[in-house]
1. Tell me, what is the FRET efficiency for residue 137 and residue 106 to the nearest 0.05, using R0 = 30 angstrom and their Cβ-Cβ distance as r?
2. Once you compute Rg and the Kirkwood Rh from C-alpha atoms, what is the Rg to Rh ratio for the range 61-190?
3. Figure the gain on full extension for residue 161 and residue 127 (residue separation times 0.36 nm, minus the Cα-Cα span) and round it to one decimal in nm.
4. What ranking, highest mean first, results for peptides 86-96, 36-46 when packing means the other Cβ atoms within 10 Å averaged over each residue?
5. Just subtract the alpha-carbon distance of residue 169 and residue 65 from 0.36 nm times their residue separation and send over the number in nm, one decimal.
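Every number here is computed from the coordinates shown, using simple stated rules; none is lab data. Being a predicted model, the structure only gives us computed values, none of them experimental. FYI the Cβ positions are ideal-geometry reconstructions off the backbone, even for glycines, and counts take in every protein chain you see.
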């Protein structure tokens, strides 16, 4: 386990204790839901309301053509992008979500079975792991085991970006891909 940094602790407090829902965000993020591809919009329309209400990312780092892939979402929060990817990878694919915030992971885990039922899956194809994106080895994510890594407005928050990228390259299969979304936050006007 990584030594806990002030940045990690501040982020856990903000995303776990201060924010109760996306309406509590103190910034205006660049979100353009209208421009999302139809398959992603359709998958989002099936996501449980609590997951959407507590979503703090922006945009979508989810690429097309994920059928059968193993996807890793770094900083998954309540799991919106994990569940969208779950729908897109299909029943034979698998999605792992990683987040360090107890409250976020708890919400994500509460919806595993209901989302699998909504998607018509016999069994869930997602797993949520609590930990740090700087140390995926501690979460038993093996070398060269991931087809696609996604992250939605989280990589920029890490206090140790070189470790994050070392871990990403360690877990990606040869030819694997990284898709991330990074926002420029603008303070909301009063």
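1. Working: r = 24 Å, r/R0 = 0.79.
Taking R0 as 30 Å, the efficiency between residue 137 and residue 106 is 0.80.
2. On the way: Rg = 14.4 Å, Rh = 14.9 Å.
On the Cα set of the range 61-190, Rg over Rh gives 0.97.
3. Separation in residues times 0.36 nm, less the Cα-Cα distance, equals 9.9 nm.
4. Answer by packing, highest mean first, reads 86-96, 36-46.
5. My answer for the length gained is 35.4 nm.
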